[in-house]
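Notes follow once the structure below has been shown.
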Amino acid sequence: MSVGRWLKRGAIALTVLVALGAAGLTWHVRAKLPQRDGELRLAGLSAPVQVLYDEWGVPHIDARNEADLYRALGYLHAQDRLFQMEMLRRLARGELAEVLGPKLVETDRLFRTLGIRERADTLAAQAAAAAAQADAQAGSQGAAYRALQAYLDGVNQYQATRPAPLEFEILGIPKRPFTPADTLSVAGYLAYSFAAAFRTEPALTAIRDQLGPDYLRIFDLDWKPQGVLEPQALNSLGKAAPLLLRLAAAGDRAAELAGLPQFEGSNAWVVSGTRTASGKPLLAGDPHIAYSAPAVWWEAHLRTPQFELYGHHLALNPMALLGHNQRFGWSLTMFQNDDVDLIAEKINPANPNEVWVHDRWVPMTARQEVLKVKGQPDQILTLRRSPHGPIINDAVPGDRGERPIALWWAFLETENPVLDAFYQLGRADTLDKAREAASLIHAPGLNIVWANAAGDIGWWAAAKLPIRPEGVNPTFILDGATAEADKLGFLPFSANPQEENPARGYIVSANFQPHSTTPVPGYYNLPERGRRLDGLLNQGKRWDTQNSQALQLDVQTDYGPRVLRPLVPLLRGAASVEEQPLVEALVRWNGAYRADALAPVLFQQFTAELLRAAMKDELGEAQFENLRRTRALDQALPRLTADADSPWWDNRSTPQRETQADIVRQAWKSALAHLQRTMGPDSAQWRWDKVHTLTHEHPLGKQKPLDRIFNVGPFPVPGGHEVPNNLAQRNGDGPWPVTYGPSTRRLIDFAKPQEALGVNPVGQSGVWPDPHYDDQAPLLAKGQYRREWLTEADVQAHARGHLVLKP
């Protein structure tokens with residue numbers, strides 16, 4: 001385990017603390033808990049700020065002006081989530097090894113190489129200059145940056161005046177101030193959509209160039225017989241394949257640091273008043289993000305005399321990424337557009353620092369950065385950049401690469417005023433204002449699904465979409481020596497997929513490829529989840545927050561039956577007489593991942609064995625595991641099972657030629673053997689909820705006995721990968737722990753927005769053993785909701801703490 005050493009040190013440190021005595025430890029830990037009652041001093045306020053905490057630990061903040069509001073917000077956010085803030089900025093800026101040791105050097109090198117830190121520093125400096133100019137001109141510009149400055153001042157005042165979190169002590173993390181560049185670096189991490197490109201593009205390029213068009217056919221991609229690289233370049237690129245696999249693995253290890261979220265998908269829909277029981281729009285949303293303790297979102301209700309918003313915030317961001325009030329609200333999903341290209345450069349044989357671009361040799365630039373490593377000397381990184389982007393070979397020490405691979409990434413190539421975008425979105429009560437705010441989101445691509453109480457609904461696919469040369473397929477690694485790696489500019493926002501007040505009366509966004517007059521390449525999710533939601537919303541019923549709960553909690557998909565349909569005769573032929581009832585359970589299955597169901601258990605293990613038997617011999621262990629973590633394989637599986645003549649069915653490691661029937665028989669027998677070993681011989685006990693469980697894992701919870709203290713769960717749960725209740729498991733062998741899913745479930749009827757429903761997957765607090773550390777985890781697992789209090793009367797009635805922040 002990449003972080004095992006520092007986790008063991010943490011376990012030893014905690015054991016020492018326990019040895020100091022239970023009473024002393026209790027006092028020590030309680031001193032670190034959030035303060036939700038009484039009075040505190042907060043420098044820089046112009047007037048006292050009143051904070052009422054409800055029964056779920058959500059602060060309802062009442063301030064005289066925005067500067068006071070955001071300063072208080074930062075302070076309160078930090079007292080619940082300071083450790084999460086610290087870990088997230090260190091990951092994004094490549095600074096984990098400084099506190100966690102040499103095991104994290106590879107992860108740090110990756111993020112330094114990608115240029116997130118450098119780009120964030122540049123953007124922060126530009127934002128500061130623009131805000132200063134706006135202040136000098138007494139204009140309204142720069143409000144988002146001023147809000148960020150006030151928020152970070154609140155974070156830093158908390159850090160400077162309150163005891164360090166327990167995790168800081170266990171891991172020996174020093175305190176240091178947070179800066180705007182830290183916040184913008186986190187935005188870069190959230191734009192970390194290139195992870196799919198790292199896995200998918202090398203895998204599909206290798207299949208195309210090494211196996212051929214017949215093997216590529218199941219991926220439903222255009223195939224270029226000539227490839228994109230010259231024959232000699234293909235050999236060099238083959239040497240780069242281990243590099244790309246290592247980088248994908250480094251990205252995975254970064255994602256495994258629980259508490260550091262990766263966006264994975266999402267559902268959102270909005271229904272106009274013509275289809276609701278109340279006659280007003282209804283907004284639903286559940287962004288799908290990796291689970292962790294603490295949870296990704298932190299909720300806060302913000303109020304000044306001119307502004308109000310109940311928002312969901314990410315660490316170090318004063319702007320809510322989800323929000324609503326009495327007049328409007330919005331949710332979001334990932335657009336899934338391909339905003340990353342991997343580009344193989346052609347090196348000058350006479351000068352390894354030059355690459356061939358636009359018919360001439362062009363020098364690469366280089367910069368040096370210092371990477372600090374706990375317990376070891378500093379490392380000096382030399383990071384190169386071609387005209388196409390950072391050279392990602394530099395993420396691996398000593399790998400200069402015969403064919404350097406450059407990364408073109410929209411996050412590095414656009415202005416991306418994301419703070420301004422969400423500052424404006426939090427005040428966007430009309431279609432025009434919401435559309436304008438969405439246009440400011442450049443990377444990562446997001447679908448903004450919005451509604452207001454006046455009756456309007458809208459959706460905008462928000463991203464800067466690059467214009468690539470005609471015929472270029474960015475699914476594959478591109479050739480930097482040709483024009484195919486060029487970018488011809490960006491499409492205007494008006495060309496992005498979007499809808500406003502459609503005649504059908506509702507809009508669904510579920511990460512599928514949207515309809516567009518201009519093709520938008522992307523790594524889109526399976527269409528079945530979106531089709532399921534669309535089919536249910538198109539029924540004649542009138543929607544309200546009650547029947548919408550059933551829609552968010554729906555566990556059915558057509559995907560499994562579609563995969564199995566061509567294989568039914570083969571499965572019946574492969575099964576013994578005693579096994580026929582199991583086959584018939586699959587035949588009768590409607591694709592529902594119910595907690596007590598048998599069929600999902602059989603389906604998941606059978607398809608894992610089927611893919612292994614069909615593809616591993618061609619791809620090898622590393623590339624097969626790499627491909628299994630991509631969405632490309634989800635799309636390929638039903639096409640594979642429907643093609644009895646696919647060359648994938650033959651096992652290259654045997655002298656005979658296997659057929660589809662042979663591989664199905666092998667996979668079926670292997671699946672039953674695995675389930676009998678892991679779940680026992682009685683198939684009546686093979687229930688989905690016995691192998692599909694949700695645990696919210698803390699960074700320290702990776703090491704025993706700290707898992708028993710900091711982790712939350714496990715909880716048996718229904719649902720699964722790519723159903724509306726997308727409690728998703730990874731491809732592979734059972735059991736199947738949930739890796740990501742609804743990071744909140746929100747339902748808002750704009751006839752009565754004060755009765756909005758929501759849930760936090762774990763709890764508001766990231767401070768163990770605060771009562772709000774895990775108080776909502778059972779709600780999420782059971783499919784339950786709570787109210788998000790909005791009116792003054794409700795807030796007063798449900799107040800459990802009153803904190804006054806004084807100048």
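The values are calculated or read from the model by the stated rules, or taken from the named source; none is laboratory data. Predicted model, so just to flag it, every value in this text is computed and none were measured. Reconstructed Cβ throughout: ideal geometry from the backbone, glycine too, with neighbour counts over all protein chains shown.
Scan the stretch 385-395 and tell me whether some residue there is surrounded by fewer than 18 Cβ atoms within 10 Å (Cβ to Cβ) and either within 25 Å of the chain's Cα centre (by Cα) or closer than 16 Å to GLU106 by Cβ (or both).
No, that holds for no residue.
Being modelled with pLDDT under 95 and surrounded by fewer than 20 Cβ atoms within 10 Å (Cβ to Cβ) is true for just one of ALA622, ALA642. Which residue is that? So that I can check it myself, show each step before the final result.
Details: ALA642 fails: modelled with pLDDT under 95.
After ruling out the rest, the residue left standing is ALA622.
Going residue by residue through the stretch 302-309, is there one that turns out to be among the charged types (D, E, K, R), at negative phi, out of contact with any strand residue (DSSP E or B) (no Cβ under 6 Å at 6 or more places or on another chain) and not in a loop (DSSP other than H, G, I, E, B)? First the steps, then the outcome.
Narrowing the stretch 302-309 to residues among the charged types (D, E, K, R): 303, 308.
With the extra rule that they be at negative phi, the set shrinks to 303, 308.
Pick out the ones that are also out of contact with any strand residue (DSSP E or B) (no Cβ under 6 Å at 6 or more places or on another chain) and you get 308.
Then keep just the ones that are not in a loop (DSSP other than H, G, I, E, B); that gives 308.
For the stretch 302-309, residues among the charged types (D, E, K, R), at negative phi, out of contact with any strand residue (DSSP E or B) (no Cβ under 6 Å at 6 or more places or on another chain) and not in a loop (DSSP other than H, G, I, E, B): present.
Select the helices (runs of 4 or more DSSP H) contained entirely in the stretch 534-597, then report the ones holding at least 1 residues which are hydroxyl-bearing (Ser, Thr, Tyr). Walk me through how you get there before you give the answer.
On the way: elements: 545-552, 559-564, 568-574, 580-588.
Output list reads 545-552, 559-564.
Look through the stretch 521-547, keep the residues that are surrounded by fewer than 23 Cβ atoms within 10 Å (Cβ to Cβ) and of a type in the set (Ser, Thr, Tyr), and return whichever of them is farthest from GLN784 (Cα to Cα).
Once the filter is applied, the top-ranked residue is TYR524.
List, please: which pairs have Cβ atoms under 6 Å, are six or more places apart or on different chains, and start with a residue in the stretch 579-597 that is farther than 23 Å from ALA781 by Cα and end with one that is surrounded by fewer than 18 Cβ atoms within 10 Å (Cβ to Cβ)?
Filtered contacts from the stretch 579-597: VAL583/ARG572; VAL587/VAL568.
Determine which member of the set ASP794, ASP749 is within 20 Å of ARG36 (Cβ to Cβ) and of a type in the set (D, E, K, R). Show your work before the answer.
Numbers: ASP749 fails: within 20 Å of ARG36 (Cβ to Cβ).
Exactly one residue qualifies, and that residue is ASP794.
So is PRO807 closer than 30 Å to ALA671 by Cα, modelled with pLDDT of 95 or more and surrounded by fewer than 21 Cβ atoms within 10 Å (Cβ to Cβ) or not? Talk me through it step by step, then tell me what you get.
Values: closer than 30 Å to ALA671 by Cα: no; modelled with pLDDT of 95 or more: yes; surrounded by fewer than 21 Cβ atoms within 10 Å (Cβ to Cβ): yes.
Judged against the criteria, PRO807 is not a match.
With the stretch 320-427 as the region, which strands (runs of 3 or more DSSP E) entirely inside it contain at least 3 residues that are more than 19 Å from ARG468 (Cβ to Cβ)?
It comes to 322-324, 328-334, 351-357, 360-363, 365-371, 379-386.
Among all residue pairs at least 6 apart or on different chains, which show Cβ distances below 8 Å where the first residue, located in the stretch 433-453, is more than 15 Å from TRP269 (Cβ to Cβ) and touching a residue at least 24 places away in the same chain (Cβ under 8 Å) and the second is β-branched (Val, Ile, Thr) and assigned to a loop (DSSP other than H, G, I, E, B)?
Once the first residue is more than 15 Å from TRP269 (Cβ to Cβ) and touching a residue at least 24 places away in the same chain (Cβ under 8 Å) and sits in the stretch 433-453, its partners that are β-branched (Val, Ile, Thr) and assigned to a loop (DSSP other than H, G, I, E, B) give HIS442/THR414; ALA443/THR414; ASN452/THR430.
Looking at (1) part of a helix (DSSP H, G or I); (2) surrounded by fewer than 17 Cβ atoms within 10 Å (Cβ to Cβ); (3) at pLDDT below 95, which one does GLY732 not meet, given that it meets all the others?
Unmet condition: (1).
Filter the stretch 281-300 for residues that are part of a strand (DSSP E or B), in contact with a helix residue (DSSP H, G or I) (Cβ under 7 Å, 6 or more places away or on another chain) and within 23 Å of ASP774 (Cβ to Cβ) and give the result. Don't jump to the end; show me each part of the working.
In the first step, residues of the stretch 281-300 are kept if they are part of a strand (DSSP E or B); the result is 282-286, 288-290, 298-300.
Now restrict to residues that are in contact with a helix residue (DSSP H, G or I) (Cβ under 7 Å, 6 or more places away or on another chain): 282, 284, 286, 290, 298, 300.
Scanning the stretch 281-300 gives ASP286, ALA290, TRP298, ALA300.
In the stretch 646-658, is there at least one residue being touching a residue at least 40 places away in the same chain (Cβ under 8 Å), out of contact with any Cys (no Cβ under 9 Å at 6 or more places or on another chain) and surrounded by fewer than 21 Cβ atoms within 10 Å (Cβ to Cβ)? Quick ask: steps written out before the conclusion?
So the first thing to find is which residues in the stretch 646-658 are touching a residue at least 40 places away in the same chain (Cβ under 8 Å), and the list is 646-648.
Then keep just the ones that are out of contact with any Cys (no Cβ under 9 Å at 6 or more places or on another chain); that gives 646-648.
Then keep just the ones that are surrounded by fewer than 21 Cβ atoms within 10 Å (Cβ to Cβ); that gives 646-647.
Checked against the condition, which is being touching a residue at least 40 places away in the same chain (Cβ under 8 Å), out of contact with any Cys (no Cβ under 9 Å at 6 or more places or on another chain) and surrounded by fewer than 21 Cβ atoms within 10 Å (Cβ to Cβ), the stretch 646-658 yields at least one hit.
Considering every residue within the stretch 74-86, establish whether at least one is in contact (Cβ under 8 Å) with a residue 24 or more places away in the chain and either hydroxyl-bearing (Ser, Thr, Tyr) or more than 23 Å from ARG162 (Cβ to Cβ) (or both). Steps first, answer last, please.
Quick first cut of the stretch 74-86, residues in contact (Cβ under 8 Å) with a residue 24 or more places away in the chain only: 74-86.
The next check asks that each one be either hydroxyl-bearing (Ser, Thr, Tyr) or more than 23 Å from ARG162 (Cβ to Cβ) (or both); those that pass are 75.
Yes, the stretch 74-86 contains at least one residue that is in contact (Cβ under 8 Å) with a residue 24 or more places away in the chain and either hydroxyl-bearing (Ser, Thr, Tyr) or more than 23 Å from ARG162 (Cβ to Cβ) (or both).
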